[in-house]
């Protein structure tokens with residue numbers, strides 16, 4: 001919400017807009033208020049007016065509590081994509097992982113690699129969408145502190161992650177290893193490196209992980225445990 005250019009209140013939440021980056025879906029979405037009650041039909045109708053007025057082809061609705069699991073099948077029945085992410089909080093001791101090869105880097109160093117990772121992702125869309133996704137990474141630092149940690153090989157930076165902080169709570173985000181360097185433990189190393197710094201400076205450190213993909217199991221081994229779920233309901237374009 002700090003990143004948004006405009007916020008439009010709706011009956012069950014708020015429509016968030018970043019007007020100069022319309023192809024970055026998650027910056028142009030309906031965010032449902034916690035603990036609200038709404039039906040699938042109500043939320044679909046509620047998102048049409050503000051996102052339609054902005055001439056956005058996609059639809060994105062975020063639900064950050066248990067309401068999401070209640071609505072998931074209904075959205076799927078309408079042809080929407082329903083994606084669940086686990087919110088995982090770190091407990092216990094720091095993992096005993098060698099992080100000596102992890103270093104702090106700058107956004108400018110990572111920007112070409114962000115572009116490459118999205119160019120190789122069929123879901124990213126057009127070249128213009130990739131450019132907007134890269135641009136979207138920079139203004140986040142206006143709303144929260146962001147630090148970047150990376151591991152290098154002989155060919156340069158091979159894996160990285162980000163650490164968001166509001167001073168008390170931190171989130172490890174966007175853990176990624178370039179495909180040709182996977183299975184070397186680099187994702188585990190950069191996550192552990194960011195975690196080590198975060199645990200010494202914050203009251204709580206968390207991350208989010210796809211509920212149906214393998215990285216959540218890696219994060220469990222590092223000491224992260226799920227405490228809840230968030231949901232994203234998306235539709236690629238208007239339907240008749």
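The table that follows gives values for the structure above.
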read-out: When residues of the range 1-12 are limited to those that are in contact with a helix residue (DSSP H, G or I) (Cβ under 7 Å, 6 or more places away or on another chain) and not in a loop (DSSP other than H, G, I, E, B), the one nearest to residue 46 (Cα to Cα); value: 10
read-out: Scan of the range 133-176 for residues that are touching a residue at least 40 places away in the same chain (Cβ under 8 Å), part of a strand (DSSP E or B) and over 20 Å from residue 90 (Cα atoms), ordered by number; value: 150, 151, 152, 157
read-out: Residue in the range 203-216 that is over 17 Å from the mean Cα position of the chain (by Cα) and either at positive phi or assigned to a helix (DSSP H, G or I) (or both) present; value: no
read-out: Selected residue (only one of 186, 178, 207 is under 28 Å from residue 27 (Cβ atoms) and buried (at least 20 other Cβ atoms within 10 Å of the Cβ)); value: 207
read-out: Residue that is farthest from residue 138 (Cα to Cα), among those in the range 19-43 that are touching a strand residue (DSSP E or B) at 6+ places or on another chain (Cβ under 8 Å) and in a loop (DSSP other than H, G, I, E, B); value: 38
read-out: Yes/no for residue 37 being within 22 Å of residue 123 (Cβ to Cβ), without any contact (Cβ under 8 Å) to a residue 40 or more places away in the chain and outside the structural domain of residue 126 (by TED's automatic domain parsing); value: no
read-out: Among the residues listed as 140, 147, the single one being crowded, with 16+ Cβ neighbours inside 10 Å, more than 19 Å from residue 58 (Cβ to Cβ) and either modelled with pLDDT of 90 or more or touching a helix residue (DSSP H, G or I) at 6+ places or on another chain (Cβ under 8 Å) (or both); value: 147
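Residue-wise test of (1) in contact with a helix residue (DSSP H, G or I) (Cβ under 8 Å, 6 or more places away or on another chain); (2) within 29 Å of residue 220 (Cα to Cα); (3) in a helix (DSSP H, G or I).
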position	(1), (2), (3)
14	no, no, no
45	no, no, yes
60	yes, yes, no
82	yes, yes, no
94	yes, yes, no
98	yes, yes, no
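Yes or no, residue by residue, for (1) more than 30 Å from residue 40 (Cα to Cα); (2) not assigned by TED's automatic domain parsing to the domain that holds residue 180:
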| site | (1), (2) |
| --- | --- |
| 75 | no, yes |
| 78 | no, yes |
| 81 | no, yes |
| 92 | yes, yes |
| 97 | yes, yes |
| 106 | yes, no |
| 109 | yes, no |
| 112 | yes, no |
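The values are calculated or read from the model by the stated rules, or taken from the named source; none is laboratory data. Note that the structure is predicted; figures quoted are calculated from it, not measured. Positions of Cβ are generated from backbone atoms using ideal geometry, with glycine treated the same way; all protein chains shown enter the neighbour counts.
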